[in-house]
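Accompanying notes for the structure given below.
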Amino acid sequence: MAFFFLTSCAKKEKTSLILEEDAEQQMIRAFKEGYDEFEAGDALYAAKKFNEAELLFPQSSWAPKAALMAAYVYYAQDYYFDAEFELERFIKTYPKNPDLKYAHFLLAMCYYEKIVDEKKDLGPLLKAQEKFNFIIKNYPNSDYALDAGYKLDLIQDYLASKEMYIASHYMKKKKWIASINRYKTVVEQYDKTIYVEEALHRLVELYFTIGLEKESQKYASLLGYNYQSSKWYEKSYKVFNQKYKSKLEIKKEKKGILKKFKKLFD
């Protein structure tokens, strides 16, 4: 009986090993088919084959690679919602995988690529911002952190652009205080963006308009101290000195006078 038991176990173990080898070969074949279909441009079928490869042999080191490839295939063909689903599943299923930081970065890029109109829908933009900050905090020495920092600067520009758009709308409607608050947000929260110079000038204009000249002068001084060569500083200077003319305007006036003078002798 002991001999029979040992012989039976050995057969079962051998049979199990053969099945595992077959599953692995099937998985490798499915993975290769997925890659070939991706190269051929059929993203949906490629992703299906990568998912199949993962399911065939989930214990294999190739399983997480297949899952990540399914996500990348969707991302590469602009199927961002499907890519997000695969990446979130990857992060949950393989929390210790060495490619985890890449999965987080690709997920952030999915959010980022979905930014269509930041003036109407801030959802994707804010999600991208949160995820890029997560990457910088948790993987500060990676290449992904470097790129995340660059993307965050662009996101700041997007957010500042939205504030400028709303402030301009309020300004046209002569809602001075609401407009001032929006421009102040740009100056205080998005001071490294390309919009800060114009925001400072608009504050000079608005405060001057409502009669708060000291506040207007404060922002004009701030603009002059930091951006004296800016066209917006020149515009702000004109708010206080209506007779001020730039060198370019004087040059144009001289040309106009010279033309009129020449016509007298034609």
- line: Residues 85, 132 in order from fewest to most other beta-carbon atoms within 10 Å are 85, 132
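Please arrange 202, 29 by how many other C-beta atoms lie within 10 Å of their C-beta, fewest to most.
So the residues, fewest neighbours to most, are 29, 202.
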- line: Most exposed first, judged by fewest Cβ atoms within 10 angstrom, 61, 221 run 61, 221
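Suppose the chain between residue 194 and residue 168 were pulled fully straight at 0.36 nm per residue; how much longer would it get relative to their current alpha carbon spacing? Could the numbers behind the result be given before it?
Details: separation 26, 0.36 × 26 = 9.36 nm, distance 1.59 nm.
Difference between extended and current length: 7.8 nm.
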query: Okay, which of region 143-161 sit inside 13 Å, backbone N to the point 7 Å along the Cα-Cβ direction of residue 137?
result: none
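Arranged from highest to lowest average of other beta-carbon atoms within 10 Å per residue, in what order do the peptides 166-173, 51-58 appear?
On the way: 166-173: 16.0, 51-58: 20.1.
Going from most to least packed, we get 51-58, 166-173.
Here, each number is a calculation from the coordinates, and none is a lab measurement. This structure is a prediction, so every number in the text was calculated from the model and none was measured. FYI the Cβ positions are ideal-geometry reconstructions off the backbone, even for glycines, and counts take in every protein chain you see.
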